[in-house]
Each structure stands twice: as C-alpha cells, then as structure tokens.
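Accompanying notes for the structure given below.
The values are calculated or read from the model by the stated rules, or taken from the named source; none is laboratory data. Fair warning: this is a prediction, and the values are worked out from it, not measured in the lab. No Cβ is skipped: glycine too gets one built from the backbone with ideal geometry, and neighbour counts run over all protein chains shown. Accessible surface is based on the protein model in full, side chains and every heavy atom, while ligands, DNA and RNA are left aside. Shrake-Rupley method; radii C 1.70, N 1.55, O 1.52, S 1.80 Å.
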Amino acid sequence: MSPNSVLQYLGGSKKSERYFLFALAGIQFTHILDFMIMMPLGPQFISAFQINTHQFGLLISSYTFAAAIAGVFATYYIDRFERRKLLLSLYIAFTLATLACGLATSYETLFLARALAGVFGGILGSLVQTIVADVIPFERRGKAIGTVMAAFSVSTVAGVPLSLFLANHISFLGWRAPFIFIALLASLIFWLGYQFIPSIAGHLAHKADGNRFRQIYRLVVQRDHLIAFCFMALIMLTGFSVIPYIALYFTMNVGVPDAYISLVYLFGGIASLLSSRYIGSLADRYGKKRTFRALAILSLVPIIVTTNLVPVPIWLVLINSTAFFILVSGRMIPAMAMVSQVIEPKNRGTFMSLIGSVQMLGSGIASVIAGMVITISPGGQIEHYNRVGYGAVLCGLLTFWLVGKIHPYRAPANQPPS
C-alpha cells in the first residue's frame, strides 16, 4: 500500500488506527524495555561480574554504539524494502538477540549479546518513527508520536518493575529473568504486528538513481539535516549522561533500598504514560517548537536535583524522579515530530535511520563519558555525579537555542509534491 492507501485502510475506523499504533507501540515497548532494564539492574551486574562503573557504562553503550553503526548501514537499504516486511524481520532477529542476553555466561558474552540486540533494536526504533511519519499527517503527528512513545512510559510503569521483580524473586535466573521475559513478550507482539500493520510501499515508487553513497552523503551534509543531527545528539547527551546512573546513585548515596528502586520507575512511568498524549496534543495545538522549549527549560530542574540529591525521605525522591521522567522523556515528543518533517518524504526512511544512529551514538557517548567522570569512593558512594548534571544542563540549554533553527522541508517551486 502507498501511504494514502494506508490512511484509507486506517481511516475506515478509529479502531483500525488504534490497533495499528498499538502494534507499533508494542514493538517500541519491548526494544525500549530491553535497553532500559540494564540501568536499574546496574547494582546486580556490578556485583555478579565484579565490574566498576566504567565497565558498566561500556555494557550499556555496547547496545547504543552497535545500534548507531547499524543505523548508518541501514541507510543503504531501509528505503528499498517494503516497511512491514522489514520491520517484522528485524523484530524476529531482535527477539533472538534478547534471548541470547538472558543466556549469557560471562561479562564478555553479555557484552556481545547486548551489541547484537542493539544492532536490531536501534533500527527498529527509527523504522517505527518512519512508519508513523509516512502514514500520519503532520497536523496529527504529535499525538500519534505521543501514543507510540507512550511505550517508554509503559516500559517504566509495568515492564521495569515487573522485570526487577522477576530478577529479585526468581533466584535460579536472577538478572537473566528480565531478558527471557522480554523475549517471550516480543513473540506475542510479533503476532500483533503481523495482524495489524499493513503493507507500506509508497516510498518504493521513488526510484533512486546514481551512486547510493553519494546520495546519502548529500543528504547528510545539507545544513538543515546537520542541524537536526546536532539537535538530537544534544537531547540524548542531556538525558543519558544522567539516566543510566540514577539507580546506582539513589541506592549508594541517597539511601534508597533496592526494593524501592522499582517505585521510582513505577511512579515515573505512570506519570509519563498519562502525560505523553497530553504533551503530544499540546505540541499539535500550540506548536512543536514552543512546547519543546518549555519542556527543555523545565527539565533542567529535576536534572540538577537528581545529580545533587542527598539522603531525603522516599516521597521527596519520588516527586523529583517523577518530574524527571515526565519532562526529560516529554521533550522527545515535539522533537521527533519536528525532525521527521525536515526531510522530503521519499528519503524519510534513510534520514530517520540516521537520526536513530545519532540518538544511539549520543546516548552511548553520554553514558561512557559519565562513567569516566563518576567514581565509587572507598566508602561505597558515587562521586562527581553533580559534574555530570552540570554538563547535562549545558547540553539542555544548547537544545533550547538550536531548536529555533529546525525548519520543515519545503519542495522547490518547480518540483511536484512527493
């Protein structure tokens, strides 16, 4: 089907569009959960493998760096295949790689399995965003992206706490349990996607001529595209220099018991789930740029508080961490809506794959740099986390400035619309 045909298919009823978006959100949910579960399991990995914070940062970044490299290679083929078939094929490979994580027997084998999961998961993320941008009109895209990105919230509401519960209570599996759980869940979501995601092939009508490498190079070096890449990289540096070490800092410095860490993700996830569609609606109503700027400034407050937090009652920890989840994740909704409109439709798959690579590369660099700055004192406390927070604030302020330079694609006057 072409994008217009897909719209007609979905336009038959609101129920059809809901199932379509729900299937995409389910795919997003599992690959985001697969990435996120590493962070609250940090104390268990450090104990099980006898590693330090830098090695833990490398374990997280093995996923993100592999996803970034895979996203670059994906630009050669992502717009040459029908979207549905490519999406479901990658999802099968991702499911198997996640299962391999649960079967890993050492730090090295887990590192390799995480890299494989990143190869497939990273491309899945950008492909889902591409499909939404292909099918949903720009004036409704903020709400649609909010629906799909609610997968992040659901993963924190249900996925992370449940995964932590499994890791803590299935003693013979321990940290392996969450990965096996994700692989089983992904098998069910594959069936859902097979049933409700239609064929999307309208982009195949645009035949690309000439050297593919030269085409991608021209796409990358365009000024508007470079600005979009820098913008997304800074967004990821703002969040992912802080996020991977929250559980470690809360348990080691703030005194939050391990059993309460799941509450941080549960409360934050529920709040993000409730707010994501609302943020998408605000972006559609008041403008993506204005909404992003408001969220970017507000998000700096919980970032500073999180990285400078001292032992306080758990209810204060939860208020701050919940605000962190709402605002830091909420920025992505208007940001992705704006970035998806920078490129002409026929090259959107290639461009969004590169955006996905930039996101993964940015988050991987952020976690590695933060892991090098942060140390564990002889007394068992995290040190220099506040420095990471100040760097995150600087990156956040840069996104506030740079978003003003993000502009939608306009076809030349002598070029017919795609």
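Assorted remarks:
- Within the accessible area of the stretch 287-370 (1.4 Å probe), percent carbon and sulfur: 76
- Estimated inter-spin distance, residue 72 and residue 400, nm [label 7 Å along Cα→Cβ]: 3.3
- Close Lys-Lys pairs in the chain, where close means Cα under 13 Å and separation is 8 or more or interchain: 4
- Cα centroid of the stretch 42-79 to Cα centroid of the stretch 375-402, whole Å: 20
- Taken along the Cα-to-beta-carbon direction at a fixed 7 Å, the label points for residue 297 and residue 188 span 4.4 nm.
- Shape of the stretch 302-347, Cα gyration tensor, a/c cut at 1.5: prolate
- For residue 375, the amide hydrogen comes within under 5 Å of the amide hydrogens of 383, counting only partners 5 or more places away or on other chains and with H modelled in the peptide plane.
- Placing unit charges on the Cβ atoms of the charged side chains and taking the dipole of the chain about its Cα centre, the candidate lying farthest along the positive direction among 65, 52, 253 is 65.
- The protection proxy used here, the mean number of other Cβ atoms lying within 10 Å of each residue, ranks peptides 172-185, 216-229, 300-313 as follows, highest first: 172-185, 300-313, 216-229.
- Kyte-Doolittle mean at least 0.5 and Cα axial length at least 30 Å: DSSP H helices in the chain: 53-74, 107-135, 258-286, 348-373
- Calculated [θ] (222 nm, deg cm²/dmol) that DSSP helices of n ≥ 4 give over the chain, each run adding -39,500 (n - 2.57): -24500 deg cm²/dmol
- Computed over the chain: relative contact order in percent, which uses C-alpha pairs under 8 Å that are six or more apart: 28
- FRET efficiency for residue 274 and residue 213, using Cβ-Cβ distance with R0 set to 56 Å, rounded to 0.05: 0.80
- Taking packing as the residue-averaged number of other Cβ atoms within 10 angstrom, the listed peptides 53-64, 316-327 run from highest to lowest as 53-64, 316-327.
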